[in-house]
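Chemist: Here's a structure for you.
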Amino acid sequence: MICDKCGEETSVRHFLPGIAKVTGQVRHGMWVCAPCLAESCGITIPQSLIEKLSGAHYIKVAKCEKRPIDQDWPNHPMKPDDPALQQHLARGGNYGVVGGNGIVILDADIEGVKRAVEERLPGTYTVQSPGSLGWHAYYRSDLKDPVRLRDVDENGKMVNVGDVQGHGKMVVGPNSFHPNGRRYEVVKDLPLAWVSAEELREVLSPWIVPLKAKVRELSRQARRERSLVDINILDVVSLAGLRRSGDEYYGSHPVPSHGSSTGHNFWVNPSKNCWHCFRHDIGGGPLLWIAVEEGIVRCEEALPGVLRGEVFKRVLEAVERRGFKVPDFLKEKVGLEDEMIELGGWLNLEPEVLERLKYGYKKF
Ligand SMILES: [Zn+2]
Ligand SMILES: [Zn+2]
């Protein structure tokens, strides 16, 4: 098909009302391509969005596309009344809204995620993409690290089904044109709701998969722990009730008071000897797990540095009570508070260094 306005070949045409002269005849409108439609209509940022996000949160995006125009866009968001932005919009260019400064944007690409957002998170400003019919939900949040959402498709392949992020993230703003010639639409014109990082991760936990860097960090911690006390994670975490996916197991957090609202916030990797909680984005090896399970620390406190002093002493007592052998070199340190603090320091050392310490190196 040919666009009545620019004459270019187009796969989809859109009706543009108004009177136009085509080959001498008078017609009440034209059939045009998506970019010509955008150019004729121009784009305005909805006033209700400007009222909610009045600061510099906007960037120029190519006409009928999702691609930001300026290369350094994450660092140069514009105010809604910026003349350069206004000129771009008047010519039919799209615009994007950027996250950061306490604003995070949840991209929900599949029905399951949309339902979880609808049922479990507070209502907030929400825009629908006319392409995928996915949602962009805008929140105020303390979320720092981005969350990627994955699911297994019908062919058993892991696919992206959305994400949540702040700085460095942009979504195409409402009223912008999709390549299919339809507009991004506001589906919920509500104020931006506050959601904590913990709440976001818990609600989205069925789709969270630990990122590679996170798994590396967890398995490094697990190796450190194993060089202190040799425990297999499967001796302290039961796989009963967990679902398997490759080398990994998913299910409810086993501590009853912690629980899981989705049945999917806990992850174990037996081959890497580590565990992870999606709600608190925290985890480690068997010693940290014993600390959490025995109630010596709360799940959200289970960072590597917590295994020191009185906490570490109680963890080692629990280890012995459970029938595991605490090596003599560790026992000698127990009770000596200064030494315990030193031991806490050791936990941040590479496993190889700890290995050497075990065999009698006093100084290193
Ligand atoms: Zn055209
Ligand atoms: Zn937790």
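FYI, it's all coordinate maths here, none of it is from the lab. Values in this document were obtained by computation on a predicted structure and should not be read as measured data. Reconstructed Cβ throughout: ideal geometry from the backbone, glycine too, with neighbour counts over all protein chains shown.
Chemist: State all residues of the stretch 245-268 that are of a type in the set (S, T, N, Q) and outside any loop (DSSP other than H, G, I, E, B); if no residue qualifies, say none. Steps first, answer last, please.
Modeler: Step one: list which residues in the stretch 245-268 are of a type in the set (S, T, N, Q), which gives 245, 252, 257, 260-262, 265.
Within the stretch 245-268, just SER245 meets the criteria.
Chemist: Restricting attention to the stretch 241-266, which residues are within 13 Å of ligand 2 (Cβ to nearest atom) and in contact with a helix residue (DSSP H, G or I) (Cβ under 9 Å, 6 or more places away or on another chain)?
Modeler: HIS253, PRO254, VAL255, HIS258, SER260, SER261, THR262, HIS264, ASN265, PHE266
Chemist: Another one. Could you check the stretch 296-310 and list, in sequence order, the residues that are of a type outside the set (Asp, Glu) and touching a residue at least 40 places away in the same chain (Cβ under 8 Å)? Full working, then the answer.
Modeler: To start, the set of residues in the stretch 296-310 that are of a type outside the set (Asp, Glu) comprises 296-299, 302-309.
Those that are of a type outside the set (Asp, Glu) and touching a residue at least 40 places away in the same chain (Cβ under 8 Å): CYS299, PRO304, GLY305, LEU307.
Chemist: Right, another one. Only residues that are surrounded by fewer than 21 Cβ atoms within 10 Å (Cβ to Cβ) and in a strand (DSSP E or B): list them for the stretch 184-218, please.
Modeler: GLU185, VAL186, VAL187, LYS188, ALA193, TRP194
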